[in-house]
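Here is the structure we will look at.
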Amino acid sequence: MDNLISFFHALISPDFPFVRNAFVAGALSSVLFGLLGSVVTVKRIASLAGAISHAVLGGIGLALYLSATGIVPNLSPMAGAIVFALLSALLIGTASLKSKQREDTVIQAIWAVGMSIGVLFMAKTPGYSDPSSYLFGNILLIGTQDLWLLLILDVAVIALIWRYYAQIEATAFDEEFAQVRGIPTQAVFLAILAVTAIAVVLLQTFVGIVMVIAMLTLPAGTAGFGAKNLATMMAVSTLYSFVYSTAGLAAGWALDAPVGAMVVVIAGLFYLSMLLANVLKKRRRRP
């Protein structure tokens, strides 16, 4: 209890700005996890998003190597990550649309090759960069610039979903009907992957590359138990994401544990509890 009280003191204290930054980052990230996670979950493209999130490590490793060796001075790891994320989204999206039979092979190949490229370039980088900081993240190290980038992406995603909600909902639940109505389903699909790819790059600073996919699916999956439509699912998923991020931050502070891992553990336990409750409820309804 004393540790939790000290967390709330740190949250409002001017001596611990990194705690406030982490709290704000959790709130801003919750919007992306809730909105994009709902679309990813409903369209059942979690494996595609997972491949993109892991392939990002290749861009990070390459950028670190080029910058450290002076080939491209001051190249930001985020720039390399965004390039690899968009390329991965394009390749995976094209493979999914054009070659359903080999979709799984392409996804696994990009997943494995992207991570391997990142590890190899990091190993050859002067001074050696530890990939674990990118794989697992550390929200306590997030800066003001990261918060502004998250805010800008939040506004952009909200605006896009507000403008194209009908098209997104139609392609998510009944793609054939959407095509009959004249909606460019392939373009919508590729746009969703591209936006998700950019979000993954920013969100990996929150929970890391490995755990991004969990937060893109667990809150939305939990919200899906009671949501009647996509809009409700997005709203409830955003709320769940905020609760998980805040609880994980507080638990990480109190237990001196990695915050990202705590967030995902809390989200996973809550999802499994809801799943079990849902199964038991269905059994009781049986005659």
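For residue 44 and residue 15, FRET efficiency with R0 = 51 Å and r from the beta-carbon atoms, rounded to 0.05?
0.65
Mean residue ellipticity at 222 nm from the helices of the chain, using -39,500 (n - 2.57) per DSSP H segment of n ≥ 4 over the full residue count, to the nearest 500 deg cm²/dmol?
On the way: 12 runs with 236 residues, N = 287.
The helix-only estimate for the chain comes to -28000 deg cm²/dmol at 222 nm.
Within the stretch 111-127, name every residue whose backbone N is under 17 Å away from a label modeled 7 Å from Cα of residue 69 along the Cβ vector.
116-127
Can you give the extra length, in nm with one decimal, that the chain gains between residue 232 and residue 151 once fully stretched, where that is 0.36 nm per residue apart less the Cα-Cα distance? Display every interim value, and only then the final one.
Details: separation 81, 0.36 × 81 = 29.16 nm, distance 2.19 nm.
Answer, rounded to one decimal: 27.0 nm.
Using only alpha-carbon positions, what ratio does the radius of gyration of the stretch 26-121 give when scaled by 2.2 N^0.38 Å?
Numbers: Rg = 14.8 Å, N = 96, 2.2 N^0.38 = 12.5 Å.
Relative to the 2.2 N^0.38 Å estimate, the stretch 26-121 comes out at 1.19.
Between 270, 121, 177, where does the largest GNM mean-square fluctuation fall for the chain, given springs only between Cα atoms within less than 10 Å?
Between 270, 121, 177, it is 177 that shows the largest mean-square fluctuation.
With N denoting the number of residues in the stretch 213-287, provide Rg(C-alpha) divided by 2.2 N^0.38 Å, to two decimal places. Walk me through the numbers on the way to the answer.
Values: Rg = 14.0 Å, N = 75, 2.2 N^0.38 = 11.3 Å.
Rounded to two decimals, the normalised Rg is 1.23.
Where nothing but the Cβ of Lys and Arg (+1) and of Asp and Glu (-1) is charged, how large is the charge dipole of the stretch 136-204 around its Cα centre, in debye to the nearest 20?
Details: 2 positive and 6 negative charges, 33 e Å.
For this selection, approximately 160 debye.
³J(HN,Hα) across the stretch 159-166 via Karplus (A = 6.51, B = -1.76, C = 1.60, θ = phi - 60°), whole Hz, x for Gly/Pro?
So the Karplus estimates, Gly and Pro as x, are 5, 5, 5, 4, 6, 10, 4, 4 Hz.
Residue 109 versus residue 173, label points 7 Å from Cα toward the beta carbon: distance in nm?
Simple spin-label model gives 3.7 nm for this pair.
Within 10 Å, count the other beta carbons around each residue, average over each peptide in 276-284, 65-73, and list them highest first. Intermediate values should be presented prior to the final figure.
Working: 276-284: 9.7, 65-73: 14.4.
Going from most to least packed, we get 65-73, 276-284.
Out of the stretch 1-79, which trypsin sites (Lys or Arg not before Pro) are coil in DSSP terms and have no more than 13 other C-beta atoms within 10 Å? The partial results should precede the final answer.
Details: sites: 20, 43, 44; in loops: 43, 44.
Passing sites in the stretch 1-79 are 44.
Identify, among 254, 147, 197, the residue whose Cα sits farthest towards the positive end of the charge dipole of the chain, taking +1 on the Cβ of Lys and Arg and -1 on the Cβ of Asp and Glu, with the dipole about the Cα centre.
Looking along the dipole axis, the top candidate is 197.
For a quick check, take a GNM of the chain with Cα springs below 10 Å and name the residue from 11, 150, 35 with the largest mean-square fluctuation.
Highest fluctuation among the options: 11.
Please give, to one decimal in nm, the separation of the simple spin-label points placed at residue 6 and residue 279, each 7 Å out from Cα toward the Cβ.
So the label points at residue 6 and residue 279 sit 3.9 nm apart.
Taking H as built 1.01 Å from N, whose amide H comes closer than 5 Å to the amide H of residue 225, not counting residues under 5 places away?
Amide H to amide H, under 5 Å and 5 or more residues apart or across chains, residue 225 pairs with nothing.
What length, rounded to one decimal in nm, is gained on full extension from residue 257 through to residue 187, with 0.36 nm per residue of separation minus their alpha-carbon distance?
21.0 nm
Can you tell me the relative contact order of the stretch 145-248? Whole percent, Cα pairs under 8 Å, sequence separation 6 or more.
Working: 44 pairs, mean separation 17.8, N = 104.
Relative CO of the stretch 145-248 lands at 17 percent.
Give a residue-ordered list of calculated ³J(HN,Hα) values for the stretch 246-258 (Karplus: 6.51 cos²θ - 1.76 cosθ + 1.60, θ = phi - 60°; whole Hz; x for Gly, Pro).
5, 5, x, 5, 5, 5, x, 5, 5, 9, 6, 10, x
In the set (1) 155; (2) 182; (3) 133, which value of volume of the Cα convex hull per residue in Å³ was calculated from the structure you see?
Step by step, volume of the Cα convex hull per residue in Å³ for this structure corresponds to label (1).
Each reported figure results from applying straightforward, stated rules to the coordinates on display, with no laboratory input. Keep in mind the model is a prediction, meaning the values are calculated, not measured. Neighbour counts run over all protein chains shown; Cβ positions are idealised from the backbone, glycine included.
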